[in-house]
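Visitor: My structure is below; once you've seen it, I'll send some questions.
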């Protein structure tokens with residue numbers, strides 16, 4: 001008997017939609033990958049790809065950046081158009097937000113014009129119903145000639161049905177209905193279609209429309225055909241004379257008129273009988289007075305929770321490893337080998353990493369994820385717009401700053417949502433100064449835990465003042481004007497617990513996979529170098545800076561170098577060096593405060609530097625890194641001398 005292996009049929013599906021409609025949620029659900037998801041716009045600026053098997057088919061799923069049109073005015077639109085022009089999908093899933101259908105269908109009509117099999121994912125129908133919006137799905141399907149599937153992607157509802165329908169329309173090659181323009185334009189489109197003789201990836205009608213719209217990419221394809229180009233120029237001029245405005249504005253107005261006609265009888269509005277907690281929050285969080293109070297209280301609450309929860313968990317780990325250490329040394333004895341394994345692997349490596357992560361990093365990630373998923377971050381950006389303008393930025397730059405509290409790497413990467421190079425470089429500079437979760441470990445674990453939460457808050461205030469000054473000075477070196485802020489503010493959404501935990505755990509898991517080997521290797525290295533006296537040589541060479549200028553113990557010289565790998569490792573290695581986690585017994589209050597300050601602002605970690613190089617260039621990354629080292633050393637020494645003057 002011969003076994004025949006049947007190759008699964010391949011299918012390429014592209015997810016297209018406006019910003020913040022749930023494309024990445026669907027992508028993650030189906031591919032089991034981790035595309036960044038949060039309730040604010042502009043997260044995906046690159047194409048994400050994943051594969052999964054479904055009904056004996058190998059499906060390649062492509063998550064395209066959120067766009068409002070298929071023009072090429074923004075980086076997201078350029079990425080989406082490049083994909084569509086170079087890699088034709090077998091079927092398109094157009095994800096739309098049910099609660100703002102009118103705006104979403106503007107893109108839907110443009111996708112339909114391409115003549116590719118497609119399905120509409122009517123996402124967030126639960127949110128629409130809460131707002132009193134009921135959508136007649138069958139009427140919408142009939143008007144568009146496209147299957148419509150209701151989904152609540154965050155809960156996985158309707159996604160299996162969505163994929164089944166996508167496979168069906170692809171295999172049956174079901175093409176969307178042609179939604180026609182007024183007769184005077186339609187005749188000209190049809191005439192141009194007749195002139196197109198080359199093979200095209202999409203409907204010739206779409207190419208004709210894009211030629212009339214003066215789309216640079218499509219014009220480039222036909223620039224050598226003088227006959228078509230003469231006709232296009234004549235027709236475009238005639239249409240502009242008829243309507244009395246620019247051709248791009250004409251097509252925009254006509255498409256919105258088509259959308260309004262389609263939605264007639266599709267949407268039924270029933271205003272909620274009374275305002276719910278979501279409505280109250282949406283009003284308070286953008287209020288000209290209460291909004292700032294809510295913002296300040298939110299940030300204070302985050303760090304108060306992290307501090308008190310972290311202190312409790314850290315105390316638990318201290319007691320746990322004290323008992324384990326007693327058993328360990330009673331069994332193995334206190335000698336060079338046992339001390340090397342205890343300091344380098346057990347307490348100094350694995351134990352310190354577990355204590356740091358579960359005491360401070362994981363709680364902070366949970367709270368920041370709640371802020372992201374709730375939709376509060378864009379409201380923060382709205383409130384901070386006027387303040388950020390003083391630094392030569394707009395309110396959108398506050399989004400990377402808030403992300404920086406979790407990790408500076410995604411903060412620097414997210415600066416690409418800003419409009420020009422000046423804004424991206426300045427935002428990257430100040431984002432790299434934000435106290436990330438690793439720096440928070442140092443601030444709360446050293447200053448907050450041993451000196452008091454008020455001194456930890458003082459460090460944050462100093463850092464925020466420094467961020468403002470750096471932003472203000474940096475903006476003077478650029479000639480470009482700051483763009484005004486144009487940012488979508490999504491509706492408030494109750495964070496889903498399993499999504500919050502999953503996202504937070506993913507971040508922690510990423511930390512463990514990257515940092516744990518380095519921590520263990522570093523702890524072993526320090527233990528070995530300490531045994532053989534090599535550390536003394538390194539530390540003595542750095543004493544003019546660490547001891548005589550910064551007022552720190554000699555041992556901190558090597559730690560500051562090693563902290564370039566990961567900032568929280570300075571605390572972990574400090575405990576390994578000192579042989580205790582009770583820093584108050586070996587460091588003065590001034591030394592603890594200055595040590596935390598220097599770690600807070602000196603050179604970013606290696607991962608952040610890599611992100612700066614990739615998204616800002618070598619020159620900017622070098623200037624930013626050297627500037628932060630200089631500021632840390634100069635201001636750290638000045639701060640130490642000021643503290644000594646305080647009685």
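The values are calculated or read from the model by the stated rules, or taken from the named source; none is laboratory data. Only a predicted model underlies this, so the values are computations on that prediction, with no experimental measurement involved. Every residue, glycine as well, gets a Cβ built from its backbone with ideal geometry; the counts of neighbours run over all protein chains shown.
Visitor: If I ask for residues that are at pLDDT 75 or above and touching a helix residue (DSSP H, G or I) at 6+ places or on another chain (Cβ under 8 Å), which ones from segment 506-533 would you list?
Guide: Listed by number, the list holds a single entry, 508.
Visitor: OK, next. From the list 307, 321, 294, 317, pick out the single residue that is touching a helix residue (DSSP H, G or I) at 6+ places or on another chain (Cβ under 7 Å), in the same structural domain as residue 404 (by TED's automatic domain parsing), at pLDDT 85 or above and buried (at least 18 other Cβ atoms within 10 Å of the Cβ).
Guide: Details: 307 fails: at pLDDT 85 or above; 321 fails: at pLDDT 85 or above; 317 fails: at pLDDT 85 or above.
Unique residue meeting the criteria: 294.
Visitor: In segment 414-442, what residues are within 14 Å of the chain's Cα centre (by Cα) and assigned to a loop (DSSP other than H, G, I, E, B)?
Guide: Once the filter is applied, which keeps residues that are within 14 Å of the chain's Cα centre (by Cα) and assigned to a loop (DSSP other than H, G, I, E, B), segment 414-442 yields only 418.
Visitor: Here's another thing I want to ask about it. Suppose we filter 79, 62, 67, 47 for residues that are crowded, with 16+ Cβ neighbours inside 10 Å, at pLDDT below 90 and in contact with a helix residue (DSSP H, G or I) (Cβ under 9 Å, 6 or more places away or on another chain); which single one remains?
Guide: 67
Visitor: Which ones in segment 262-291 are assigned to a helix (DSSP H, G or I), in contact with a helix residue (DSSP H, G or I) (Cβ under 7 Å, 6 or more places away or on another chain) and in contact (Cβ under 8 Å) with a residue 12 or more places away in the chain? Quick ask: steps written out before the conclusion?
Guide: From segment 262-291, those assigned to a helix (DSSP H, G or I) are 262-263, 277-284, 290-291; that's our starting set.
Imposing the further condition that a residue be in contact with a helix residue (DSSP H, G or I) (Cβ under 7 Å, 6 or more places away or on another chain) reduces the set to 262-263, 284, 290-291.
262, 263, 291, listed by residue number.
Visitor: Continuing with this model, one more query. Report whether or not residue 466 is farther than 19 Å from residue 627 by Cβ and either in contact with a helix residue (DSSP H, G or I) (Cβ under 8 Å, 6 or more places away or on another chain) or without any contact (Cβ under 8 Å) to a residue 24 or more places away in the chain (or both).
Guide: no
Visitor: Let me ask something additional. Suppose the filter is within 25 Å of residue 168 (Cβ to Cβ), modelled with pLDDT of 85 or more and in a loop (DSSP other than H, G, I, E, B); does residue 21 pass it?
Guide: Taking the combined requirement at face value, the residue satisfies it.
Visitor: Scan segment 443-454 residue by residue and report those that are assigned to a helix (DSSP H, G or I) and more than 21 Å from residue 358 (Cβ to Cβ).
Guide: 454 - this is the single residue of segment 443-454 that is assigned to a helix (DSSP H, G or I) and more than 21 Å from residue 358 (Cβ to Cβ).
Visitor: Pick out, from segment 351-413, the helices (runs of 4 or more DSSP H) lying fully within it that include 2 or more residues that are at pLDDT 80 or above and closer than 17 Å to residue 305 by Cα.
Guide: Correct list: 362-374.
Visitor: Continuing with this model, one more query. Examine segment 282-290 for a residue that is surrounded by 15 or more Cβ atoms within 10 Å (Cβ to Cβ) and more than 25 Å from residue 363 (Cα to Cα), and state whether such a residue exists.
Guide: There is at least one residue in segment 282-290 that is surrounded by 15 or more Cβ atoms within 10 Å (Cβ to Cβ) and more than 25 Å from residue 363 (Cα to Cα).
Visitor: Assuming residue 142 fulfils every condition listed in (1) surrounded by fewer than 23 Cβ atoms within 10 Å (Cβ to Cβ); (2) out of contact with any helix residue (DSSP H, G or I) (no Cβ under 8 Å at 6 or more places or on another chain); (3) in a loop (DSSP other than H, G, I, E, B) apart from one, which condition is it?
Guide: (3)
Visitor: Would you be able to say whether some residue in segment 433-455 is at pLDDT 85 or above, over 28 Å from residue 308 (Cβ atoms) and surrounded by 21 or more Cβ atoms within 10 Å (Cβ to Cβ)?
Guide: Scanning segment 433-455 turns up no residue that is at pLDDT 85 or above, over 28 Å from residue 308 (Cβ atoms) and surrounded by 21 or more Cβ atoms within 10 Å (Cβ to Cβ).
Visitor: Out of (1) buried (at least 20 other Cβ atoms within 10 Å of the Cβ); (2) more than 27 Å from the chain's Cα centre (by Cα); (3) part of a helix (DSSP H, G or I), the odd one out for residue 553 is which?
Guide: Unmet condition: (3).
Visitor: Then there's this: Can we say residue 398 is free of Cβ contacts under 8 Å to residues at least 24 places away in the same chain, in the same structural domain as residue 496 (by TED's automatic domain parsing), crowded, with 22+ Cβ neighbours inside 10 Å and out of contact with any strand residue (DSSP E or B) (no Cβ under 6 Å at 6 or more places or on another chain)?
Guide: yes
Yes/no matrix, rows are residues, columns are (1) out of contact with any helix residue (DSSP H, G or I) (no Cβ under 7 Å at 6 or more places or on another chain); (2) closer than 30 Å to residue 319 by Cβ; (3) outside any helix (DSSP H, G or I):
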| position | (1), (2), (3) |
| --- | --- |
| 567 | no, yes, yes |
| 571 | no, yes, no |
| 574 | no, yes, no |
| 603 | no, no, yes |
| 608 | no, no, no |
| 624 | no, no, no |
| 629 | yes, no, no |
| 632 | no, no, no |
| 635 | yes, no, no |
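Visitor: Based on this model, can you work out whether residue 595 counts as at pLDDT 90 or above, farther than 30 Å from residue 334 by Cβ and under 35 Å from the mean Cα position of the chain (by Cα)?
Guide: Against the criterion (at pLDDT 90 or above, farther than 30 Å from residue 334 by Cβ and under 35 Å from the mean Cα position of the chain (by Cα)), residue 595 does not qualify.
Each row is one residue, and each column tells you yes or no for (1) closer than 24 Å to residue 28 by Cβ; (2) modelled with pLDDT of 95 or more; (3) out of contact with any strand residue (DSSP E or B) (no Cβ under 8 Å at 6 or more places or on another chain); (4) surrounded by fewer than 16 Cβ atoms within 10 Å (Cβ to Cβ).
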position: 122; (1), (2), (3), (4): yes, yes, no, no
position: 152; (1), (2), (3), (4): yes, no, no, no
position: 180; (1), (2), (3), (4): no, no, yes, yes
position: 204; (1), (2), (3), (4): no, no, yes, no
position: 207; (1), (2), (3), (4): no, no, yes, no
